[in-house]
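Dropping the structure in here first, questions after.
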Amino acid sequence: MLKYELVPARDPGSKRLCVMLHGLGDSIDGYRWMPDAMDLPWMNYALVNAPDEYYGGFSWFDFTGDMTPGVLRSRKLLGTLLDDLQAKGYPTEQTIFGGFSQGCLMAVDVGLRYPRAVAGIVGISGWVYEPQQLLEQMAPDARQRRVLMTHGTLDPMVPFAAVRSEVQKLTSAGLQIEWHEFQKAHTIAGEDELDIIRGFVERAFAGPNSP
C-alpha cells in the first residue's frame, strides 16, 4: 500500500477529496502548502508518496531507463489506493485525481482507466504514457471525465511541443481536456496557475452532473 497523508477539510463531514501525486524526487512534504493555497474549505487532501526511493525523495517509475515496469506497478498501486479511499468513505465520484510531472503522467494514466468515474483529473507539467494504448484501454466513460492539463512553454525537462501533440491526439479522440499554456519552466506558475486549477476543481463540483 502506498503511504499517504490525509489533510482534512475545514468543513466537517465533507467527502470531497483531492489526491495529489508528486514529481520525481519529491514527496508528501513538497505539497503540504497546497491545501492552504487552494483555499477550498470543503476539500480533503490525500498527499501520496511514490513507491521507490530516489535521492531523498521518491519516484513513480524509472525516468532514465525502461519506464514501463514502474508505470504498470504504480498504476496497480494507485488503483488499490483509490479502492481503499472509497472504502474509507471518499467516493471516487467526489475525488479529484491530480499530479505534477511524473505524478501528472500517473494521474492521467490511472484517472482515465479506473473503472469508477472520478470528479476530475488534473495534470501539471507532465506527459502521457503511450497515448494510443491509453485510448484502447481507457474506461468506457472516459470521454465524459473532466481533465485539466497545464504545461510550460519553457519546460526543459518535459518538452512542451511533444506534450501538446499528445494532448491534441487525445482531444481528437473525443477526450474532454482543458489545456492551458504558461510561460514557465518545470514548476507551478504561482497564483495564475493555481487560479486555473482552483476554477477547474470548483466547476467539477458545480455542474449538473457533479457529485
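Note the per residue figure in Å³ for the convex hull of the C-alpha positions in the stretch 160-211.
Working: hull volume 4.7 nm³, N = 52.
Here the figure is 91 Å³ per residue.
Could you pull the Rg and Dmax for the stretch 57-115, using just the Cα atoms, both in Å?
Using the Cα atoms of the stretch 57-115, the pair Rg, Dmax is 12.0, 38 Å.
Separate question: Is there a quick way to get the dipole size of the stretch 1-40? I mean about its Cα centre, with the Cβ of Lys and Arg at +1 and of Asp and Glu at -1; what is the value in debye to the nearest 20? Walk me through the numbers on the way to the answer.
Values: 5 positive and 6 negative charges, 40 e Å.
It comes to approximately 200 debye.
Moving on. Normalising by the residue count of the stretch 105-211, find the relative contact order in percent from Cα pairs under 8 Å and 6+ residues apart.
Values: 154 pairs, mean separation 30.2, N = 107.
Rounded, it is 28 percent for the stretch 105-211.
Tell me whether the stretch 115-178 comes out rounded, prolate or oblate; compute the Cα gyration tensor, take square roots of the eigenvalues as a ≥ b ≥ c, and use a/c under 1.5 as the rounded threshold. Working shown, then result.
On the way: a/c = 2.22, a/b = 1.67, b/c = 1.33.
Since a/c reaches 1.5 and a/b is larger than b/c, the shape of the stretch 115-178 is classed as prolate.
Here is a follow-up. Hey, what number do you get for the chain at 222 nm if only DSSP H runs of n ≥ 4 count, each worth -39500 (n - 2.57), divided across all residues, to the nearest 500?
-10000 deg cm²/dmol
Still on this structure, please answer the following. May I ask for the Kirkwood hydrodynamic radius of the stretch 45-88, worked out over all distinct Cα pairs and given in angstroms to one decimal? Kindly include the intermediate steps, with their values, before the conclusion.
On the way: mean 1/r = 0.0876 Å⁻¹.
After inverting the pairwise mean of 1/r, the radius is 11.4 Å.
Please state the charge dipole magnitude for the stretch 159-206, taken about the Cα centre, from unit charges on C-beta atoms (+1 on K and R, -1 on D and E), reported in debye and rounded to the nearest 20. List each step's numbers first, then the result.
Numbers: 5 positive and 8 negative charges, 46 e Å.
That gives the stretch 159-206 a dipole magnitude of about 220 debye.
While we're here: What part of the accessible area of the stretch 105-149, given as a whole %, is carbon or sulfur when the probe is 1.4 angstrom?
Carbon and sulfur atoms account for 47 percent of the accessible area of the stretch 105-149.
Translational diffusion coefficient, Stokes-Einstein: compute it for the chain using the Kirkwood radius over C-alpha pairs as Rh, at 10 °C and 1.306 mPa s, and state it as an integer in µm² s⁻¹. Intermediate results must be reported in sequence, preceding the final value.
Values: Rh = 16.9 Å.
Here the translational diffusion coefficient equals 94 µm²/s.
Once Lys and Arg get +1 and Asp and Glu get -1 on their Cβ, which of G25, A87, P159 lies farthest toward the positive end of the dipole of the chain?
Going by the Cα projections, it comes out as A87.
Suppose a student asked you for the relative contact order of the stretch 26-166, using Cα pairs under 8 Å spaced at least 6 residues apart; what percent would you report?
Result for the stretch 26-166 is 16 percent.
Per residue, how large is the accessible surface of the stretch 96-178? Use a 1.4 angstrom probe and give square angstrom. Please list the in-between numbers first.
Numbers: 2890 Å² over 83 residues.
Ligands and nucleic acids excluded, the figure is 35 Å² per residue.
Something else about it: With +1 on each Lys and Arg Cβ and -1 on each Asp and Glu Cβ, how big is the dipole of the chain about its Cα centre, in debye rounded to the nearest 20?
Numbers: 19 positive and 26 negative charges, 127 e Å.
With only Lys, Arg, Asp and Glu charged at Cβ, the dipole is about 620 debye.
The values are calculated or read from the model by the stated rules, or taken from the named source; none is laboratory data. Here the structure is a predicted model, which means the values were calculated and not measured. Cβ sites come from the backbone with ideal geometry, for glycine too, and all protein chains shown count toward neighbours. With ligands, DNA and RNA removed, areas are computed over all heavy atoms of the protein, side chains included. Shrake-Rupley method; radii C 1.70, N 1.55, O 1.52, S 1.80 Å.
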